[in-house]
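K.L.:
Take this structure first; my questions come after.
The values are calculated or read from the model by the stated rules, or taken from the named source; none is laboratory data. Because the structure is a prediction, the values reported are computed rather than measured. Cβ: placed from backbone, ideal geometry, glycine included. Neighbour counts: every protein chain shown. Please note that ligands, DNA and RNA were not included when accessible areas were found on the heavy atoms of the full protein model with its side chains. Shrake-Rupley method; radii C 1.70, N 1.55, O 1.52, S 1.80 Å.
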Amino acid sequence: MSSYIVLLGPPGVGKGTQAELLAEATGLPHISSGDLFRENIKDQTELGKLAQSFINKGELVPDDVTISMIRDRLSRPDCKDGALLDGFPRTTVQADSLASLLAEFDGEVNSVPYITASEATLIERLGGRWTCKAQSHVFNEKHNPPQRTGVCDFDGSQLYQREDDRAETVKRRIQVYFTQTAPLIAYYRERGLLSEIDGTQLIEKVTADLLKVLRK
Ligand code: AP5
Ligand code: MG
């Protein structure tokens, strides 16, 4: 099985949902740049204060701070045999840095599943998303509801709606994705690493397709 996996795709396509399921199936750690920023925001660290000003506007956090945060996380022992990267890289500068960083650990990006859905689907999903306060588990009031309204099925913590899931911010995040992140589709396709996955299917079917790609 591939070890360093980059889950690519627009906001709301299901990267976090799938990364959690793949982490269970593969034993690899789930590294979400968005979740790391949100932990820093919760703890009011300097990084958190800086990141918050970008995240709340739907803009990307500058490359240098993002890369340094991911470098720290990937240097921990649980990532030595691989990781599921969700939300990183998001620019070609970040992708080049990831390649150099992994080379330091004798690793490389092994597979880049690119999950797709229409813009209308993304907007609809993000409008109904509820996220857990403790560990960022995600639910959807229509497609994947929790057993008890407002409570996480996995750890019992409270569910909230992310500040950047407001309609105007979602619009901006999708624009930013198309201008700054979509170039990574060609970047990884040229390197023979990209596999397209239909993200509009049922959650279980998307997971099955992802596992097929990763076991190739
Ligand atoms: P981040 O947290 O990474 O947000 P994102 O990329 O916008 O992605 P989302 O978390 O919104 O969506 P997802 O694909 O994980 O979907 P999910 O599984 O939740 O980043 C937030 C911000 O941090 C960025 O805007 C930026 O400011 C900053 N940032 C992060 N990384 C950065 C970086 N590398 N560089 C610079 N800045 C960075 O699913 C969405 C909803 O759909 C849920 O409700 C779920 O239940 C539902 N759903 C999932 N799958 C299905 C399905 N198959 N069918 C029906 N519903 C489904
Ligand atoms: Mg996510």
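K.L.:
Pull up the stretch 145-178, narrow it to residues that are charged (D, E, K, R) and in contact with an Asp or Glu (Cβ under 8 Å, 6 or more places away or on another chain), then point me to the one that is surrounded by the most Cβ atoms within 10 Å (Cβ to Cβ).
P.N.:
Going through the qualifying residues, I end up with Arg173.
K.L.:
Does Leu60 qualify as being within 16 Å of ligand 2 (Cβ to nearest atom), more than 15 Å from Arg162 (Cβ to Cβ) and open to solvent by 30 Å² or more (accessible area, probe 1.4 Å)?
P.N.:
Answer is yes for this residue.
K.L.:
Just to verify a result, which residue in the stretch 192-215, among those that are part of a loop (DSSP other than H, G, I, E, B) and in contact (Cβ under 8 Å) with a residue 40 or more places away in the chain, is least open to solvent (accessible area, probe 1.4 Å)?
P.N.:
Gly199
K.L.:
Pick out the one residue from Thr66, Thr92, Thr45 that is open to solvent by 40 Å² or more (accessible area, probe 1.4 Å), over 25 Å from Leu214 (Cα atoms), of a type in the set (Val, Ile, Thr) and at pLDDT 95 or above.
P.N.:
Criteria check complete, one pass: Thr45.
K.L.:
Something else about it: Restricting to the stretch 129-159, name every residue that is closer than 22 Å to Arg38 by Cα and hydroxyl-bearing (Ser, Thr, Tyr).
P.N.:
Once the filter is applied, which keeps residues that are closer than 22 Å to Arg38 by Cα and hydroxyl-bearing (Ser, Thr, Tyr), the stretch 129-159 yields Thr131, Ser136, Ser157.
K.L.:
So which residues in the stretch 1-33 are in contact with a Lys or Arg (Cβ under 9 Å, 6 or more places away or on another chain) and either over 26 Å from Ala99 (Cβ atoms) or not aliphatic (A, V, I, L, M) (or both)?
P.N.:
Ser2, Gly9, Pro10, Pro11, Gly12, Gly14, Pro29, Ser32, Ser33
K.L.:
Any idea which residue in the stretch 18-37 is nearest to Lys205 (Cα to Cα), counting only those that are open to solvent by 50 Å² or more (accessible area, probe 1.4 Å), of a type outside the set (Asp, Glu) and part of a helix (DSSP H, G or I)?
P.N.:
Leu21
K.L.:
While we're here: Gly107 is checked against (1) away from ligand 2 (no atom under 13 Å from the Cβ); (2) assigned to a loop (DSSP other than H, G, I, E, B); (3) under 24 Å from Val206 (Cβ atoms) and fails just one. What number does that condition carry?
P.N.:
Only one criterion in (1) away from ligand 2 (no atom under 13 Å from the Cβ); (2) assigned to a loop (DSSP other than H, G, I, E, B); (3) under 24 Å from Val206 (Cβ atoms) is unmet by Gly107, namely (3).
K.L.:
Working only within the stretch 69-89, note down all residues that are assigned to a loop (DSSP other than H, G, I, E, B) and open to solvent by 40 Å² or more (accessible area, probe 1.4 Å).
P.N.:
Ser75, Arg76, Lys80, Asp81
K.L.:
Out of the stretch 124-165, which residues are outside any loop (DSSP other than H, G, I, E, B), of a type in the set (A, V, I, L, M) and without any contact (Cβ under 8 Å) to a residue 40 or more places away in the chain?
P.N.:
Scanning the stretch 124-165 gives Val151, Leu159.
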